[in-house]
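A.B. asks: Dropping the structure in here first, questions after.
The values are calculated or read from the model by the stated rules, or taken from the named source; none is laboratory data. Just so it is clear, the structure is predicted and the values come from calculations on it, not from any experiment. We place every Cβ from the backbone using ideal geometry, glycine too, and count neighbours over all the protein chains shown.
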Amino acid sequence: MAQTNLDELPRLSSVHVLVVDDSPEIRMLVADVLEAGGATVTVAETAEIALDRLERLRPDVLVSDLEMPGGDGYWLIGKVRELPPERGGATPAACLTGCSEPEDRASILRAGFQYHISKPVDIRTLVGVVAILALPP
């Protein structure tokens, strides 16, 4: 991640974010950045755990890796979008992935994510996307 002054970024106070990544390092790095911005963060290491936590905790925003063993990000967003809105089916979501070709971006957006964030992630982009997704509809 590029060096950024966190004071210059949007504040994420009262925003609850569910971060899903099979890499403990990426998961904790993303969580630390979002928490430094004021967000409350819940983490999950698999898509199945994330789906359970999303239904139980109802976060404001989902940030998920795409390529994970077992259920991947496509599986997760598909399951989320099958849920009724009152159970989390309309949760705004960003995909955080190393897949950055135009066709990858198109597939990610078609699958149900609102944003594609490329790895390595830029802190400004990450916080900015979460802030946008957390805006009331």
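A.B. asks: Are any residues in the stretch 34-48 hydrophobic (A, V, I, L, M, F, W, C) and modelled with pLDDT of 95 or more, and if so, which ones?
C.D. replies: Once the filter is applied, which keeps residues that are hydrophobic (A, V, I, L, M, F, W, C) and modelled with pLDDT of 95 or more, the stretch 34-48 yields 34, 39, 41, 43, 44, 47.
A.B. asks: Also, quick follow-up: Residues in the stretch 8-30 that are at negative phi and small (Gly, Ala, Ser): how many?
C.D. replies: Residues in the stretch 8-30 being at negative phi and small (Gly, Ala, Ser): 2 in total.
A.B. asks: Using beta carbons and a limit of 9 Å, which pairs, at least six apart or on different chains, have the first residue in the stretch 104-129 and at positive phi and the second one of a type outside the set (S, T, N, Q) and in a helix (DSSP H, G or I)?
C.D. replies: 112/74; 112/77; 112/78; 112/80; 112/81
A.B. asks: Just checking, which of 129, 80 is under 16 Å from the mean Cα position of the chain (by Cα), within 23 Å of residue 52 (Cα to Cα) and not in a loop (DSSP other than H, G, I, E, B)?
C.D. replies: 80
A.B. asks: Given the options 50, 93, 106, name the one that is within 19 Å of residue 128 (Cβ to Cβ) and of a type in the set (A, V, I, L, M, F, W, C).
C.D. replies: After applying the criteria, what remains is 93.
A.B. asks: List the pairs whose first member sits in the stretch 54-82 and is on the phi < 0 side of the Ramachandran plot and modelled with pLDDT of 95 or more, whose second member is among the charged types (D, E, K, R) and in a helix (DSSP H, G or I), and whose Cβ atoms are under 6 Å apart, counting only residues at least 6 apart or on separate chains?
C.D. replies: From residues that are on the phi < 0 side of the Ramachandran plot and modelled with pLDDT of 95 or more, the pairs are 55/87.
A.B. asks: Still on this structure, please answer the following. For the stretch 33-67, what are the residues that are part of a helix (DSSP H, G or I) and buried (at least 19 other Cβ atoms within 10 Å of the Cβ)?
C.D. replies: Once the filter is applied, which keeps residues that are part of a helix (DSSP H, G or I) and buried (at least 19 other Cβ atoms within 10 Å of the Cβ), the stretch 33-67 yields 33, 34, 47, 50, 51, 54.
A.B. asks: Residues of the stretch 83-107 being over 20 Å from residue 48 (Cβ atoms), surrounded by 16 or more Cβ atoms within 10 Å (Cβ to Cβ) and modelled with pLDDT of 95 or more, which ones?
C.D. replies: 92, 107
A.B. asks: When you look at residue 133, is it of a type outside the set (Ser, Thr, Tyr), buried (at least 19 other Cβ atoms within 10 Å of the Cβ), free of Cβ contacts under 8 Å to residues at least 40 places away in the same chain and closer than 23 Å to residue 28 by Cα, yes or no?
C.D. replies: Criteria not met by residue 133.
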